Each structure stands twice: as structure tokens, then as C-alpha cells.
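The values are calculated or read from the model by the stated rules, or taken from the named source; none is laboratory data. In this text, all values refer to a predicted model and were calculated from it rather than measured experimentally. FYI the Cβ positions are ideal-geometry reconstructions off the backbone, even for glycines, and counts take in every protein chain you see. Heads up: the accessible areas ignore ligands, DNA and RNA and are worked out on the full protein's heavy atoms, side chains in. Shrake-Rupley method; radii C 1.70, N 1.55, O 1.52, S 1.80 Å.
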Amino acid sequence: QVQLVESGGGLVQPGGSLRLSCAASRIIFNSYVLGWYRQAPGKQRELVATITSAGSTNYEDSVKGRFTISRDNAKNTVYLQMNSLKPEDTAVYYCNTKPIRPNYWGQGTQVTVSS
């Protein structure tokens, strides 16, 4: 059973914006801290941003001021608004809980920042 489904990736020029979406099952959405992770080619997967059920957020230093994580409780969906994108943001982006639950990994969504 698919628990988390990511969407919204694409190809964007440096300085551009994208909004990623993560649709979650209701029990996951209401029960856990949710986060966006990313994995660039040849690198380990890293945590980018998290949001609690109360809406408290945290960000990895390299995305602070550029990325915004948010949630829509009516849609059981978590978003990642990414502005001022840089080539080093190129990666596959995933959502999962924090701490990670390995069986919740989805297919991810590819973000490519290139001119």
C-alpha cells in the first residue's frame, strides 16, 4: 500500500521556483513529523526540511530563506516551495517521516536545476 506520493518536480533554470507536493495517508499525516529529503547523484540522502503536526518547521542550513515547507490538513498534503533554486539543489526529492520509516519511501520526484 502506497503511503506517500511525491509530485511536482521538473527542470528549472537557476533562480527559478518549483513547488513539490507529498500526498499522505491520513494516519501518517496526523501522526508523525513529516519531512522532505533529497538525494543528489553520488551523494547520501539528506534531510531538507521538516514540519510537525502543529506546523513547526525546521530547515537544513543550505535551504534556509529559499525553501518553505507547509501542510494542508484538509488535503493530507505537505508542500515544499522552492525558490531561488541553484544547480546544487538538483536531486531526487522524497518525503518521509522523521525519524525515517523505510517502508514509507516512495518513488520521489526529480528536480533538475540547469540552464
For this session: Answer yes or no as to whether residue 70 is within 16 Å of residue 6 (Cβ to Cβ), modelled with pLDDT of 95 or more and out of contact with any Asp or Glu (no Cβ under 8 Å at 6 or more places or on another chain).
Result: yes
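In region 100-113, which residues are within 13 Å of residue 18 (Cα to Cα) and open to solvent by 70 Å² or more (accessible area, probe 1.4 Å)?
110 - this is the single residue of region 100-113 that is within 13 Å of residue 18 (Cα to Cα) and open to solvent by 70 Å² or more (accessible area, probe 1.4 Å).
Tell me, which residue of region 40-58 that is more than 19 Å from residue 87 (Cβ to Cβ) and under 11 Å from the mean Cα position of the chain (by Cα) is surrounded by the fewest Cβ atoms within 10 Å (Cβ to Cβ)?
Within region 40-58, the subset more than 19 Å from residue 87 (Cβ to Cβ) is 47, 49-58.
Subset that is under 11 Å from the mean Cα position of the chain (by Cα): 47, 49-51.
Details: 47: 15, 49: 24, 50: 19, 51: 21.
Checked region 40-58; the qualifying residue surrounded by the fewest Cβ atoms within 10 Å (Cβ to Cβ) is 47.
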Seminar exercise, completed: Counted residues in region 8-29 being surrounded by 15 or more Cβ atoms within 10 Å (Cβ to Cβ) and closer than 13 Å to residue 77 by Cβ come to 9
Problem set entry | Hits in region 87-99 (condition: open to solvent by 70 Å² or more (accessible area, probe 1.4 Å) and free of Cβ contacts under 8 Å to residues at least 60 places away in the same chain) | 88, 99
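For region 14-30: of the residues being part of a loop (DSSP other than H, G, I, E, B) and either modelled with pLDDT of 95 or more or among the acidic types (Asp, Glu) (or both), which is nearest to residue 95 (Cα to Cα)? Before the answer, list the steps.
Initial filter on region 14-30 (part of a loop (DSSP other than H, G, I, E, B)): 14-17, 25.
Now restrict to residues that are either modelled with pLDDT of 95 or more or among the acidic types (Asp, Glu) (or both): 14-17.
Details: 14: 23, 15: 23, 16: 21, 17: 18 Å.
Filtering first and then ranking leaves 17.
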For this session: Please go through region 34-67 and pick out each residue that is of a type in the set (A, V, I, L, M, F, W, C) and either at pLDDT below 95 or touching a Cys at 6+ places or on another chain (Cβ under 8 Å) (or both).
Result: 34, 36, 54
